[in-house]
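Structure record follows, encoded as C-alpha cells.
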Number of protein chains: 2
Amino acid sequence: MGPLSAVLARLPVVLMYVVRNQTASMRDEGMTGETIGDYLIRRLHEEDVGHVFGVPGDFVLGLFKKLEDSPLKIINTCDEQGAGFAADAYARLRGLGVVCITYAVGGLKVVNAVAQAFAEWSPVVVVSGAPGIGERVHGSMIHHTVRDFDSQRKVFSELTVATVVLDNPATAASEIDRALKLARRHSRPVYIELPRDMVSVELLPGREYVLPAETSDAEVLRFAIAEAVEKIGSAKRPVILAGLEIHRFGLQHALAKFAHATGIPVAATLGGKSVFAESDLLYLGLYEGAMGSDAVRDYVEQSDCVILLGAMLTDINLGIYTAHIDRSSSIYAGKDRVSVGFRSYDGVLMEDFMQALSEHSWTIRRPADFEHLKHPGPFAAGERPMTVAALFHQINAFLREDMVVIADPGDALFGAGDLYIHDGTHFLAPAYYCSLGFAIPAAIGMAAAAPNLRPLVLVGDGAFQMTGMELSTIARYGMNPIVIVLDNDGYGTERPMLDGAFNDVHRWNFAEIPLVLGAGLGIKVGTETEMAAALERAGTNLQSYTLIQVMLERNDHSPALSRLAARLGERVAKRS
Amino acid sequence: MGPLSAVLARLPVVLMYVVRNQTASMRDEGMTGETIGDYLIRRLHEEDVGHVFGVPGDFVLGLFKKLEDSPLKIINTCDEQGAGFAADAYARLRGLGVVCITYAVGGLKVVNAVAQAFAEWSPVVVVSGAPGIGERVHGSMIHHTVRDFDSQRKVFSELTVATVVLDNPATAASEIDRALKLARRHSRPVYIELPRDMVSVELLPGREYVLPAETSDAEVLRFAIAEAVEKIGSAKRPVILAGLEIHRFGLQHALAKFAHATGIPVAATLGGKSVFAESDLLYLGLYEGAMGSDAVRDYVEQSDCVILLGAMLTDINLGIYTAHIDRSSSIYAGKDRVSVGFRSYDGVLMEDFMQALSEHSWTIRRPADFEHLKHPGPFAAGERPMTVAALFHQINAFLREDMVVIADPGDALFGAGDLYIHDGTHFLAPAYYCSLGFAIPAAIGMAAAAPNLRPLVLVGDGAFQMTGMELSTIARYGMNPIVIVLDNDGYGTERPMLDGAFNDVHRWNFAEIPLVLGAGLGIKVGTETEMAAALERAGTNLQSYTLIQVMLERNDHSPALSRLAARLGERVAKRS
C-alpha cells in the first residue's frame, strides 16, 4: 500500500468524519463495542452460513477485508451472476446463502438470480456495498450510480421480502435481524445494503428484533383437518403429490410421517423431485402430465383424492398443461393457500396443516396397487453414437448416493426427471423459473454447502456458453464436479417450438477448456463406449473437475420430451 | 417441425383465441393490415436500426422469427448480458440500439447493462417477450414469472424513461412511437414488452403519437446568453471543458463552431474523450484533475473562465475529486442545468444555449498560449519486460484512423485516456457507471454499427473473465477486433485501495481461447519486442479476432494512475 491507497480511499475517509463525530457524541449513552460489519458477519455465521459468494468492488472492499479476517470463507466467482446462482444453490441446501457484491455494477448483475430465488423459495441474502452516507450529498455524481442512490434498493424491493439499508448505528443490528428472520420465515431473498462508511461504525445498543409470530387460527385448522381426514378416509385410492415447498419449509419429515402413517403412495413434481426418498417403497415416481411415465400419470389422474402438498401448479410441473387432476376431490396445502375441494381455509398455515395431518391417528391402508419406482439397472454400452436416451440411462447406472444431480433448464432438466435419486434433496434444478446457465455456478454453491456430495452437472451447450466459464472458480477452489455438456448444436428445446438460425450457437470445443484454465480434465465423447470410459475416468478423477462433452444429434430429445410429443400427437390425431 | 411443436406452442394458441375474437369484432372498424410485431420492426428500421442483439427464449420466439424474415439482422450473443452491452455500444454510435430477449430470465439479465445505458445517456431499446395476455389468468403459474406479471416492467421503470406493454392493438403503434421518441429525446433507455400472443395481432388504426415539443424560454435564454457572452468576453484565458453529453445530444458541430469562432481551446473529460477531434489545433488534452497531464491541469485550473459543456461532474471525471475549478467564474451547460457562475437559469435547454453561443458573432482571440496535444510518436521496442506505460505507448504508435478504441473500466480506461484519438467519437468507454466486462461485448455492437472501424479493445484479466467469452459471438459473425488483455493477476485497480486474496483471479491462458472457439488468433506477450510483433500480426490478420495476452507485473500501473498517486503523495507530504 503506497500513497495511491491514501488517495483512492480519501473520499470516504473524509466524509466518514461526519458519521464518526455523530456517533462519538453518543458514546456516553453506551456502545456495544461491535461494528456493523462485524455484527452482520457474526449473525450470518450464527445462521450456519460458512461461505459468501461474490466479486469485490470499491464500495464493498471494506466488508471483503472483514470477511477475509472472519470465519466465513469468500468464494470469488468470475462474474456476479455466477455468485448469485451459487448463493441460490447454497441457500437451497443450507437454509441461507449469501451473495456479496458492490453497488449497481455488482448488485444489478444478480437481479435475475435473485428473481429466480424469489420465484423458487430460496432464501438468498443479498449484501451490497454502496456509496457512503457521507458521500450522498446533493448533486454529487458518484460512479456506479443509476438514477439516484435509492435506485438499486427499489429494484430489489420487487424481488425480495425485505430491503434494509444499514445507515443508522442505532437500528442496524435490529434491521439485520429482521432481514435474516424474514428470509428464513418466507424462504425468500432479502436485500441488505451497507454504505461503505458504515462498515466500521460501532453499533449502538438497541432492542433485539422480534418477528411477530405467525400461527394458524386453531379453530379453522381443526375444521379443515376434519374435512381433509374425512375426505381421505372415504377415498378408495388416494395419492400424495409432493412438491418444492416441502423442501423449502423443511417438511420432509412431516411428509414421510404422513405417508407412512396412512400407507398412501407419493408422487413428486419435477420441481419437487427428491423431496421424498426415491428408494422409499411408497414412492411412485414423477408426475409430469404427458411428460412423465404412463404408470404414474394413470395412478394420479385416476385417483379419487389427490393430496397436493407444497406442489406449485406451474406449467412445467403440469407437463405444459397436459395434467388432469380432479380439483373437486383434491386437497391442497401450499404456502399461499390451504383448501379441500373447492373450499379454501383462511388463516391456516401449510406447516400446521401438514403437521396436524401427520399427527392424526390414521388406519394404515394395505399396500396399494402400484409399481414402486425401480432403478433401471446397468447399461450395456455399444459402439453406437450417443443418444439422449442412452446418456440418461448411463448416468442412472453411474449415479451413487454420494452424488447430487444439478440440472440446467431445457432437456437436461426434462431428461433428469427420469434419474433415480437415492436420497432426499440430492436433486437440484430451477424447474419453475428456469433460468439457463444456473447449473455450473450452482455446483460451486453445492460443493461449498455439502463437501461430502459430489455434484453431477447436466447442462446444454447453449446454457454452458452463458456461465460455464465459472469452471474457473471451480478450479480455483479445487472442487471436483462432473460436468456433462449435452452438445446438440444450439437451443434444442426451442427447435421443436419454432426454429431458425437464432437457435444455433457457435460451436465450442468444450473439452479444450482445461487448456485455458490450466486445470481440469476434458473428454469429448461420441459413442456409448466412449461415454462409459469417460464416466469411469470421471469417477476416479477426484483432484479436479471433469468435463464430458457429449456429441448428440441436433434433433434428438430426452425420453420425457418424446413422451410429451407422442401423447400430444395422439390428441392431435384424434381431433383431425 | 413435428407434433412436438404443435404441443409446446399449444397453450398460447388456445389463449390467443380470446384476443383474436375480440379484434375480429373490430374488423369492420377498419384494420391496418400490419401486425404489432411487424410495425415494431418497421419503426426500428426507419430509425436506422440495422441490428438486434439478443438471445431467444420461448416467450420471444415469434418475434425472433419475424426478425429473421426482416431487414434487421439478429446478432445472437452467448448470454443476455453480452447483448445488453452490445446494444449500448451500438446505441452510442447509431442513436438507438436494441436488445431483444425473453421474459425475466432474459430481461432481468440485462438490468445492469440498461442501468449503465441510463447513467451514461445511451438510448437502448429493451424489447422483451412476455407471457401472453390470454395466459395471464388468475392463479396461473407460468415459468419465468417472479412475483406477478408486472414485476419486470416495474424493475425497468427505475432504469428507463418509458415502459410500455403492447397489450392493445388500438394503442400499440402509438406506444411504440412514444417509447422510441422518448429514447431519442432523452438519449436514455426505454422498455417495450410484447406479450407473445400479441406479436401477430393486427394493429387497429390510431393516431400518430405526437411528442410535446420541448423548447427553451426565449427570454431567459437571451438573458443567460448575454451574461455568458459578457463573462467570456471579459475573461483573459477562458477554456472549454467538453464532456459526454455533447456526443449524446449530437452537439459536436456546435462545440467545434463555438471553439473555432472564439479561438478558445478545448479540454475533454475522460467520459467525453474524443467528442472534440484530438487532431484539432485547439485541442488541449484530457482534464482529469491530478490524473491528467500537468499542462492541461494547469491551463484549466488557472483559467479565469471554465466553460463546461455537457461535462458531467462525476468523481471519475474529476480525478477522484482532485480537480479544482473555480465555480464562481465558470459557465455550465448540461442536460440537467444551465448556469453562469452561481446563477442557474430555469427553462433553458443545453442544446439551445450551445447553439446560441456558437451562433453569436465573436471576436476571435489570438492563438492562445498552450501546447496542442501531440502524437507521442513511434516506440522503440526493446527486450524489456512489458510495462503498462510501454503498452500504451506502443498502442499509441499502432493506432490508425480506422480504429475505434474500446476501454473497459479500471486501468485499461485510465491508461487509455493518454491515447491519441485522431477523429471524433472513436473512443468508447463507460467512464461514469464503470461496469466491468463492457468492452468485449461492446466490440460486437461497434463492429455491427460501424463495419468500417476496427475495434481495439483494452480489457483487464478480471473483466475478461466476466464476459470475454463473447469472443464466441465475434467469431460466429466473422468480426475482427483486436483484443488486448492486460493480464496482471487480478483486480489491479483495487489492490492499491485495499488488498486481499479477494483481488486475485484464477489465471487463464487467454491465448489458448482460439482452441476452444475454433477461431481467432491468440498471442501471449512478455516483452516489448514480442508486443511489437503481436501488434504487427494483429494489423494484418483481418480474417478473425486477435487476442493479445500481455503479461504485466502485479503492481504496475498506467501513467495516469501513477500521476494521481504522485500528486496526492505530495499533498500528504505537505500536510504531515
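A few comments on the model shown:
- Residue selected from the stretch B:520-572 under the condition within 19 Å of B:Met403 (Cα to Cα) and among the polar types (S, T, N, Q), by the criterion farthest from the other protein chains (Cβ to nearest Cβ): B:Thr540
- Looking across the stretch A:482-510, the residues that are under 18 Å from A:Gly522 (Cα atoms) and surrounded by 21 or more Cβ atoms within 10 Å (Cβ to Cβ) come down to A:Ile482, A:Val483, A:Ile484, A:Val485, A:Leu486, A:Asp487, A:Asn488, A:Trp508, A:Phe510.
- Residues of the stretch A:63-99 satisfying the condition of being in a strand (DSSP E or B), more than 10 Å from chain B (Cβ to nearest Cβ) and not aliphatic (A, V, I, L, M): A:Lys73, A:Gly97
- Listed by first and then second residue, the pairs with beta-carbon distance under 9 Å, at least 6 apart or on different chains, first residue in the stretch B:269-287 and outside the structural domain of B:Leu399 (by TED's automatic domain parsing), second of a type in the set (D, E, K, R) and in a strand (DSSP E or B), are B:Thr269/B:Glu288; B:Leu270/B:Glu288.
- Scanning the stretch A:326-339 for residues that are in contact (Cβ under 8 Å) with a residue 40 or more places away in the chain, under 29 Å from the mean Cα position of the chain (by Cα) and away from every other protein chain (no Cβ under 12 Å) yields a count of 3.
- Qualifying position, being farther than 30 Å from B:Leu108 by Cβ and among the aromatic types (Phe, Trp, Tyr), among A:Phe414, A:Phe398, A:Phe438: A:Phe398
- Qualifying positions in the stretch B:522-536 - assigned to a helix (DSSP H, G or I) and surrounded by fewer than 17 Cβ atoms within 10 Å (Cβ to Cβ): B:Thr529, B:Ala533, B:Glu536
- Among the numbered conditions (1) in the same structural domain as A:Thr546 (by TED's automatic domain parsing); (2) touching a helix residue (DSSP H, G or I) at 6+ places or on another chain (Cβ under 9 Å); (3) part of a helix (DSSP H, G or I), the only one that A:Glu351 does not meet is (1).
- One residue stands out among those in the stretch A:105-121 that are of a type in the set (A, V, I, L, M) and in a helix (DSSP H, G or I): the one that is nearest to A:Gly57 (Cα to Cα), which is A:Leu108.
- Some residue of the stretch A:325-334 being loosely packed, with under 13 Cβ neighbours inside 10 Å, outside the structural domain of A:Ile484 (by TED's automatic domain parsing), part of a loop (DSSP other than H, G, I, E, B) and of a type outside the set (Gly, Ala, Ser): no
- Of the residues in the stretch B:138-151, at least one is of a type outside the set (S, T, N, Q), touching a residue at least 12 places away in the same chain (Cβ under 8 Å) and at positive phi.
- If you go through the stretch B:293-321 and keep only what is surrounded by fewer than 21 Cβ atoms within 10 Å (Cβ to Cβ) and closer than 16 Å to B:Leu282 by Cβ, you end up with just B:Ala295.
- Selection count, the stretch A:468-521, where residues are part of a helix (DSSP H, G or I) and touching a His at 6+ places or on another chain (Cβ under 8 Å): 5
- Selection count where residues are under 24 Å from the mean Cα position of the chain (by Cα) and of a type in the set (D, E, K, R), scope the stretch A:357-409: 4
- Among (1) loosely packed, with under 15 Cβ neighbours inside 10 Å; (2) outside the structural domain of A:Tyr432 (by TED's automatic domain parsing) - the single one A:Glu401 does not satisfy: (2)
- The residue that is farthest from B:Ile406 (Cα to Cα), among those in the stretch B:484-498 that are within 7 Å of chain A (Cβ to nearest Cβ) and not aromatic (Phe, Trp, Tyr), is B:Leu498.
- Some residue of the stretch B:161-170 being touching a residue at least 40 places away in the same chain (Cβ under 8 Å), under 30 Å from B:Asn452 (Cβ atoms) and either acidic (Asp, Glu) or crowded, with 24+ Cβ neighbours inside 10 Å (or both): no
- In the stretch B:545-576, the residues that are outside any loop (DSSP other than H, G, I, E, B) and at pLDDT 95 or above: B:Thr546, B:Leu547, B:Ile548, B:Gln549, B:Val550, B:Met551
- Matching residues in the stretch B:172-181 - criterion: being of a type outside the set (D, E, K, R) and either surrounded by 18 or more Cβ atoms within 10 Å (Cβ to Cβ) or outside the structural domain of B:Val126 (by TED's automatic domain parsing) (or both): B:Ala172, B:Ala173, B:Ile176, B:Ala179, B:Leu180
- When the residues of the stretch A:122-148 are filtered to those that are assigned to a loop (DSSP other than H, G, I, E, B), modelled with pLDDT of 90 or more and not polar (S, T, N, Q), the one that is surrounded by the most Cβ atoms within 10 Å (Cβ to Cβ) is A:Pro123.
- Meets criteria (surrounded by fewer than 24 Cβ atoms within 10 Å (Cβ to Cβ), of a type in the set (Ser, Thr, Tyr), facing another protein chain (nearest Cβ under 10 Å) and touching a Leu at 6+ places or on another chain (Cβ under 8 Å)) for B:Ser151: yes
- Output for the stretch B:64-80, where each listed residue is acidic (Asp, Glu) and in contact (Cβ under 8 Å) with a residue 12 or more places away in the chain: B:Asp79, B:Glu80
The values are calculated or read from the model by the stated rules, or taken from the named source; none is laboratory data. Quantities reported herein were computed from a predicted structural model and do not represent experimental measurements. Neighbour counts are summed over all protein chains in view; Cβ atoms, including those assigned to glycine, are modelled from backbone coordinates with ideal geometry.
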